[in-house]
Amino acid sequence: MPSAKIAPSVLSSDFSQLAAECKRMVEDGADWLHMDVMDGHFVPNITIGAPIVKSLRKHVDTFLDCHLMVTDPDKWVEDFAKAGASMYTFHIEAAGKDSRALIDKIHKLGMRAGVAVKPKTPIDTVFPLADVMDMCLVMTVEPGFGGQKFMGECIEKVKVLREKFPDLDIEVDGGLGLDNIDIAANAGANVIVAGTSIFGSPDPADTISKLRASVGT
Ligand code: DX5
Ligand code: ZN
């Protein structure tokens, strides 16, 4: 299995202090920083876009794991590449049959390509992309907001993916924390997004280190 990565979701940070919040997470042991991009159309919320990633990039050299919850993922690839994004993860529900070409475009612009699935989307929709995608993001809440309750029924998808694709990065996102990390880790997830449980912790460094210990290496 690929190595464990802990990716705090900066959606739960104080946006007025974004650079400082991100630096704090890196000092506390974050491997990646998870950036939730929402367009108010694919999901009922608006968050950040490429200009914020570009500004932040001047302050951190950490891997920026950008999760695009947008209706037209093809439209923003160049902007995010220029901004310094490391991973561009789009939703298969938004890209549909254009997913393979989109992954090719993401790669040509020097980013890693991730494919995300919402809770109600069957996991076999991503199987045809397994030879080109770098990561699959399995949502464990309906996308749109931080702080929601973990949906345990989504974890079966992680198990199926891990059995079929032993070397794939599999990210879980939504409602994860110390109380349920074992469920995701045992199923085979190796990239853990956590917003509320890390930023809301009195000791984020301790929470990150405990999360990583539960996932493995
Ligand atoms: C939800 C986002 C998640 C969310 C995670 O649409 O994709 O990344 O911010 O936050 P928590 O861990 O609070 O559920
Ligand atoms: Zn996310």
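The values are calculated or read from the model by the stated rules, or taken from the named source; none is laboratory data. Given the structure is predicted, the values throughout are model-derived calculations rather than measurements. When we count neighbours, we look across all protein chains shown, and the Cβ atoms used for this are built from the backbone with ideal geometry, even at glycine.
Against the condition in a loop (DSSP other than H, G, I, E, B), more than 15 Å from SER9 (Cβ to Cβ) and within 16 Å of ligand 2 (Cβ to nearest atom), how does LYS120 come out, does it pass? I'd like the intermediate steps shown before the answer.
Details: in a loop (DSSP other than H, G, I, E, B): yes; more than 15 Å from SER9 (Cβ to Cβ): yes; within 16 Å of ligand 2 (Cβ to nearest atom): no.
Taking the combined requirement at face value, the residue does not satisfy it.
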Number of the condition not met by CYS22 [criteria: (1) without any contact (Cβ under 8 Å) to a residue 60 or more places away in the chain; (2) more than 19 Å from GLU171 (Cα to Cα); (3) surrounded by fewer than 20 Cβ atoms within 10 Å (Cβ to Cβ)]: (3)
Residues within the stretch 79-94 that are in a helix (DSSP H, G or I) and more than 13 Å from ALA113 (Cα to Cα), tallied: 5
Qualifying positions in the stretch 7-52 - touching a Leu at 6+ places or on another chain (Cβ under 9 Å), β-branched (Val, Ile, Thr) and either farther than 14 Å from CYS66 by Cα or assigned to a loop (DSSP other than H, G, I, E, B) (or both): VAL26, THR47, ILE48
Residue among VAL60, VAL43, VAL10, VAL53 that alone is away from ligand 2 (no atom under 15 Å from the Cβ), surrounded by 16 or more Cβ atoms within 10 Å (Cβ to Cβ) and either in contact (Cβ under 8 Å) with a residue 12 or more places away in the chain or farther than 27 Å from GLU78 by Cβ (or both): VAL60
Test result for SER55, within 23 Å of VAL191 (Cα to Cα) and away from ligand 1 (no atom under 14 Å from the Cβ): no
Among (1) out of contact with any Pro (no Cβ under 9 Å at 6 or more places or on another chain); (2) within 16 Å of ligand 2 (Cβ to nearest atom); (3) not aliphatic (A, V, I, L, M), the one test that GLY144 misses: (1)
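So which helices (runs of 4 or more DSSP H) are wholly in the stretch 131-207 and hold at least 1 residues that are crowded, with 16+ Cβ neighbours inside 10 Å, modelled with pLDDT of 95 or more and within 14 Å of ligand 1 (Cβ to nearest atom)?
On the way: elements: 155-164, 181-187, 196-199.
Per the criteria, 181-187, 196-199.
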Filtered residues of the stretch 170-180 (kept if under 17 Å from PRO2 (Cβ atoms) and away from ligand 2 (no atom under 11 Å from the Cβ)): ILE170
